[in-house]
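Working notes for the structure below.
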Amino acid sequence: MHLPHLIGIEGLDREQITTLLDTAEEMSHVQERELKKLPALRGRTIVNMFFEDSTRTKMSFDLAAKRLSADTMAFSGKGSSTSKGESLRDTMLTVAAMGVDGFVIRHSASGAPKLAMDWTGLPVVNAGDGMHEHPTQALLDAFAMRRRLGNLEGRHVAIVGDLFHSRVVRSNLICLRELGADVTLVAPATLLPTGVRDWPGAAGVTVTDDLDAVLPHVDALMMLRVQRERMSGGFFPSEADYVAGWGLTRERLRRLPDHAVVAHPGPMNRGLEIAPEAADAARSLILDQVAAGVSVRMAVLFHVFAGEGSRS
Amino acid sequence: MSTPTPSTGPILITGADLLGRGRADLLLRDGVIAEVGEGIDAPDARVLDATGLVALPGLVDVHTHLREPGREDTETIASGARAAAAGGYTAVMAMPNTTPVTDSASDADWVYLKGLQAPHADVFPVGAVTKDLAGTELAELGLMARSRAGVRMFSDDGHCVHDPVLMRRALEYVTAFGGVIAQHAQDPQLAPRASCCDEGPWSGRLGLPGWPAVAEESIIGRDIMLTKLTGSRLHVCHVSTAGSVELIRRAKADGLDVTAEVTPHHLALTVDLLESYDSAYKVNPPLRTPDDVEALRAGLADGTIDVVGTDHAPHGLHDKQHDFTVAAFGMLGLETALSVVSTYLVQPGRMTWADVAQAMSVRPAAIAGLTGHGRPLAPGEPANITLVDPTREITVDREATQSRSRNQPWHGRTLTGAVVTTILRGTPTLLDGRVVDLGAAPDTIEVPA
């Protein structure tokens, strides 16, 4: 399977997602070897363009590329929030002119990776854009859940937290629905994503503000980060007020079914959206997710950059 | 208000369909319509065969952004006037958000005098409502009204006059000289500056900051109440939502002096185009849903929305070639407006050419207080005439423009109905689809585009 790019989960079908997860499974076995390197991308140059701080995602992509023997370069810089200074277009064209094979892009502006691909004509893997998508995060979440729960068909996943500002929820929702999981979104109305029922791929999603009603029926609970700064925007009145309604507290942890797992894409606000006891519980997938990140990104880079036609 | 235009000899337009109501000849002499009738004999006149063409009074745009002074690299008063002529316009109202802002009598006169030197169209300044468009103190509305420019229309367009007390005072103050406040309805808290996508499934899906309909409708609702309170005149710029149309419909039913405008792009383009993240589709207010588009078409057709205003907003490539959230807001509009209205309202039978004359000439001139435009095609009236081929198909090419900018959202699209000839006080400014060389406007700053 060759993917021309990975701008989003939107547009991928179940077979493509499953192939990516299966490839990631193979990549994870490579990581258990003494020699963890494959020659698949030898001679290819992939540039990590991170216009927004993200140490862990950047490290994960860098390691994934190196384990596939790609040459990597890193660009760090603040994405401009004005039209002054060098434009994103000029930056991308400049780096493309160096003769690289493609990009991994993180940017604070939704759509920036797609435009970078349009401008340069080179393959792009989206490492998170604005409030739009974060496709490798959704794939690694699905990978980690699939390992613990088996096939996700018919499984019930609840996604809880700041769904409005999250790029993760868009990718996750589409990915999980494509894999046949039932998805419930849980948040106060101020933090629900706009028009979510009408998103493509989101058909059948359940939306509620009642976490307690959902808890006993989930196979997986995905807690999303809630930024404390959102309080000033009036999205919720106080930490205590938020925790009372939507925090995964010790009490709520006990009401989960025995087999249910807890995921969080990190970085966590312990004590806000997730209690320390939940983060460190045996049912927590949080470190599995990090480990899965490298395998999944190896799989993505492999399918985008390896083989014939990767530059076409 | 008269502009000296190069005198041309008499012109005899033959066989034109006047407002789509029947064929007649028009004899133009000394800048006015000398005679209207069948088989006019004028041996000294140059004959323009208008068989198959519809004759409209010269179009008037109440909402144009020329970038002079300040950004002459993207548009000048002269280049904007040429674009106007190419689009069938004989008069345009230049919005005040230039550098400096048109917020004093001398600024207004500067634009007015500069406009007199642009031979392709009459250009009149719109004055700012507040100093420097800052929304805190009234600009010198009375002095602008008393200036040579005789400003009657005031707008902070690009910014909303958000302070309700200031808006009330502005409405009250302009009653002294029959002025009108043209409001850019955007609550700056419900839709802050970063808002760039209609709030709804598309903003959620694309992860773009939402611009909710209520941010427009709540300001329109408030301003309608202030208009009732003050007995003044309100004009609502670029109405974009179905809810706004309904509010204006009710205000009119209540007998208030409220008028409204819709842009060509809001009559046809929809939010789903943002899926491309192409900044050509970034505009304020944003492209809305198909339901909104339908309500706007219905509102224009039934007269709830009085006029089509282009919101012609030239921008340099370097202001547009950015990610969507950073790129400049705005689209070109002067050269394509008539074709858009023809395609989406006249062709489907929702508006007649007489309706188009109302919405694109007669009513805009009345709202802006222009006495020499938007007049009937009758003897003694100014010879401002636009000839339209109602069936000609055009494919829009952003490079084929009189504007100094290229931010053309209609690029590559095919439209039905095209302006063929524009005549300003008896002088053709556009002839058979070509802009007439009337000599460079003197004293125009030539900045490389």
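So for segment A:144-155 (the condition being buried (at least 18 other Cβ atoms within 10 Å of the Cβ), without any contact (Cβ under 8 Å) to a residue 60 or more places away in the chain and assigned by TED's automatic domain parsing to the domain that holds A:Ala181), does at least one residue qualify?
yes
So A:Cys175 passes all but one of these: (1) more than 14 Å from chain B (Cβ to nearest Cβ); (2) under 15 Å from A:Ala263 (Cα atoms); (3) not in a loop (DSSP other than H, G, I, E, B). Which condition number does it fail?
The one condition A:Cys175 does not meet is (2).
What number of residues in segment B:296-325 are part of a helix (DSSP H, G or I), aliphatic (A, V, I, L, M) and away from chain A (no Cβ under 14 Å)?
4
Could you check segment A:92-110 and list, in sequence order, the residues that are open to solvent by less than 10 Å² (accessible area, probe 1.4 Å) and either within 11 Å of chain B (Cβ to nearest Cβ) or part of a strand (DSSP E or B) (or both)?
A:Met92, A:Gly102, A:Phe103, A:Val104, A:Ile105, A:His107, A:Ala109, A:Ser110 - these are the residues of segment A:92-110 that are open to solvent by less than 10 Å² (accessible area, probe 1.4 Å) and either within 11 Å of chain B (Cβ to nearest Cβ) or part of a strand (DSSP E or B) (or both).
Condition (residue is touching a residue at least 40 places away in the same chain (Cβ under 8 Å) and either away from chain B (no Cβ under 14 Å) or open to solvent by 10 Å² or more (accessible area, probe 1.4 Å) (or both)) applied to segment A:78-85: is it met by at least one residue?
For segment A:78-85, residues touching a residue at least 40 places away in the same chain (Cβ under 8 Å) and either away from chain B (no Cβ under 14 Å) or open to solvent by 10 Å² or more (accessible area, probe 1.4 Å) (or both): absent.
Given the criteria open to solvent by 60 Å² or more (accessible area, probe 1.4 Å) and at positive phi, does B:Asp132 qualify?
Yes; evaluated as a whole, the condition is true for this residue.
Among the residues of segment A:18-31, are any outside any helix (DSSP H, G or I) and open to solvent by less than 60 Å² (accessible area, probe 1.4 Å)?
Within segment A:18-31, one or more residues are outside any helix (DSSP H, G or I) and open to solvent by less than 60 Å² (accessible area, probe 1.4 Å).
Which of the strands (runs of 3 or more DSSP E) found entirely inside segment B:9-83 contain at least 2 residues meeting this: without any contact (Cβ under 8 Å) to a residue 40 or more places away in the chain?
Once the strands (runs of 3 or more DSSP E) in segment B:9-83 are filtered for at least 2 residues that are without any contact (Cβ under 8 Å) to a residue 40 or more places away in the chain, what remains is B:11-18, B:23-29, B:46-49.
Would you point out the residue of segment B:176-209, among those that are under 17 Å from B:Asp323 (Cβ atoms) and of a type in the set (Gly, Ala, Ser), that is nearest to the other protein chains (Cβ to nearest Cβ)?
B:Gly207
Report yes if A:Leu285 is buried (at least 16 other Cβ atoms within 10 Å of the Cβ), within 30 Å of A:Leu6 (Cα to Cα) and not small (Gly, Ala, Ser), otherwise no.
yes
Conditions first: (1) in a strand (DSSP E or B); (2) surrounded by 18 or more Cβ atoms within 10 Å (Cβ to Cβ). A:Thr57 passes all but one, so which condition is the exception?
Just one mismatch for A:Thr57, condition (1).
Being open to solvent by 10 Å² or more (accessible area, probe 1.4 Å), touching a residue at least 24 places away in the same chain (Cβ under 8 Å) and among the charged types (D, E, K, R) is the filter here, so list the residues in segment B:175-221 that pass it.
Correct list: B:Asp187, B:Asp198, B:Glu217.
Within the group A:Gly161, A:Gly180, A:Gly195, A:Gly130, which residue is at positive phi, within 10 Å of chain B (Cβ to nearest Cβ) and in contact (Cβ under 8 Å) with a residue 12 or more places away in the chain?
A:Gly130
Can you work out which of the residues in segment B:174-191 that are in contact with a strand residue (DSSP E or B) (Cβ under 9 Å, 6 or more places away or on another chain) and not β-branched (Val, Ile, Thr) is farthest from B:Pro164 (Cα to Cα)?
B:Gly179
Of these, A:Gly154, A:Gly201, A:Gly180, which one is touching a Lys or Arg at 6+ places or on another chain (Cβ under 6 Å) and either small (Gly, Ala, Ser) or assigned to a strand (DSSP E or B) (or both)?
Selected residue: A:Gly201, the only one of A:Gly154, A:Gly201, A:Gly180 that is touching a Lys or Arg at 6+ places or on another chain (Cβ under 6 Å) and either small (Gly, Ala, Ser) or assigned to a strand (DSSP E or B) (or both).
Would you be able to tell me the number of residues in segment B:210-230 that are touching a helix residue (DSSP H, G or I) at 6+ places or on another chain (Cβ under 7 Å) and not in a helix (DSSP H, G or I)?
1
Okay, residues lined up against (1) farther than 24 Å from B:Asp73 by Cβ; (2) open to solvent by 10 Å² or more (accessible area, probe 1.4 Å):
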residue	(1), (2)
B:His322	no, yes
B:Gly333	no, no
B:Val356	yes, no
B:Arg363	yes, yes
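The values are calculated or read from the model by the stated rules, or taken from the named source; none is laboratory data. All values derive from a computational prediction rather than experimental measurement. Ideal geometry is used to build each Cβ from the backbone, glycine not excepted, and the neighbour counts take in all protein chains shown. Each accessible area value is taken on the protein alone, full model and side chains, heavy atoms only, with ligands, DNA and RNA left out. Shrake-Rupley method; radii C 1.70, N 1.55, O 1.52, S 1.80 Å.
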